[in-house]
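The values are calculated or read from the model by the stated rules, or taken from the named source; none is laboratory data. Source: prediction; values computed, not measured. Glycine gets a Cβ as well: all are built from the backbone with ideal geometry, and neighbour counts include every protein chain shown.
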Amino acid sequence: MRRILFFFLFGVFALFPLAACADEAPGVRAEDFSYRGVALGDTEEKLLSVYGEPLFDTDTTKDGVALRVYTFRGGIDVGVARKTGLVVDFDVRSEDFSIRGVKKGATAYFIQKTFGKTERTKLDGQTAYIYRRRKTPEDRASLVLLVDPETRVLTSLRLTALPLTDEERHQALEEGDEEEAAGDIDTSNLPKAEEPKLGGLF
């Protein structure tokens, strides 16, 4: 009887590590598209209430989308779409960034062990692993892990809902999400073209 009980308990406890591994299966989670309490798609009000007073803010256009970019201490720039007032971009330059334990210097093996396998790709001349929240045109939320092209170790982090590919930029333009960069240029002080005069050589 004791032997049966021993093997039963041994089998039960042997399953605990397997269950733990199952919970930690590679793949992206909802939490991977937020940084320090603010997620892509949150409001500008929530951003400022959580992050506090920014060092400064600037209006700019990125990937064709008009943004107000807030710069916070610790090397974090957060872009808010001026059209919607929603957070659409995190550019993290700090040395101590971390997403689910993945930090600067993480190897390609550890990145893919955490978030799953994906192909390396070129993004604006840099090498990156890109993970999508959902593979749909309506949700462009992406976790972008920039890596050294030689060593493949993690160098910086970006979370964005901005278009990343030419196809996405074209679709966003069709949907009216993008704004022409020239739309913000003040042309009032440019010289006026003279009206053409009709006439021949004489």
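For the range 49-59, the count of residues that are in contact with a Pro (Cβ under 9 Å, 6 or more places away or on another chain) and not small (Gly, Ala, Ser) is zero.
Among ASP63, ASP42, ASP59, ASP89, which is surrounded by fewer than 13 Cβ atoms within 10 Å (Cβ to Cβ), touching a residue at least 24 places away in the same chain (Cβ under 8 Å) and under 26 Å from GLU168 (Cβ atoms)?
ASP59
Selection over the range 151-182 of residues that are under 15 Å from the mean Cα position of the chain (by Cα) and modelled with pLDDT under 70 gives a count of 0. Filtered by the rule that a residue be in contact with a Lys or Arg (Cβ under 8 Å, 6 or more places away or on another chain) and crowded, with 17+ Cβ neighbours inside 10 Å, the range 45-56 gives a lone residue, TYR51.
Looking at this structure, is GLY27 part of a loop (DSSP other than H, G, I, E, B), modelled with pLDDT under 95 and of a type outside the set (Asp, Glu)? Judged against the criteria, GLY27 is a match.
Go through the range 102-129 and give me each residue that's within 18 Å of GLU168 (Cα to Cα), of a type outside the set (S, T, N, Q) and free of Cβ contacts under 8 Å to residues at least 24 places away in the same chain. Please lay out each step first, then the result.
Looking only at the range 102-129, we keep the residues that are within 18 Å of GLU168 (Cα to Cα), and these are 121-125, 128-129.
From what is left, the residues that are of a type outside the set (S, T, N, Q) are 122-125, 128-129.
Selection gives LYS122, ASP124, GLY125, ALA128, TYR129.
Give the residues of the range 92-142 that are among the small types (Gly, Ala, Ser), within 25 Å of LYS62 (Cβ to Cβ) and surrounded by 15 or more Cβ atoms within 10 Å (Cβ to Cβ), sorted by residue number. Give the derivation first.
Taking the range 92-142 first, the residues among the small types (Gly, Ala, Ser) are 94, 98, 101, 105-106, 108, 116, 125, 128, 141-142.
Okay, now just the ones that are also within 25 Å of LYS62 (Cβ to Cβ), so 94, 98, 125, 128, 141-142.
Residues satisfying the conditions are ALA128, ALA141, SER142.
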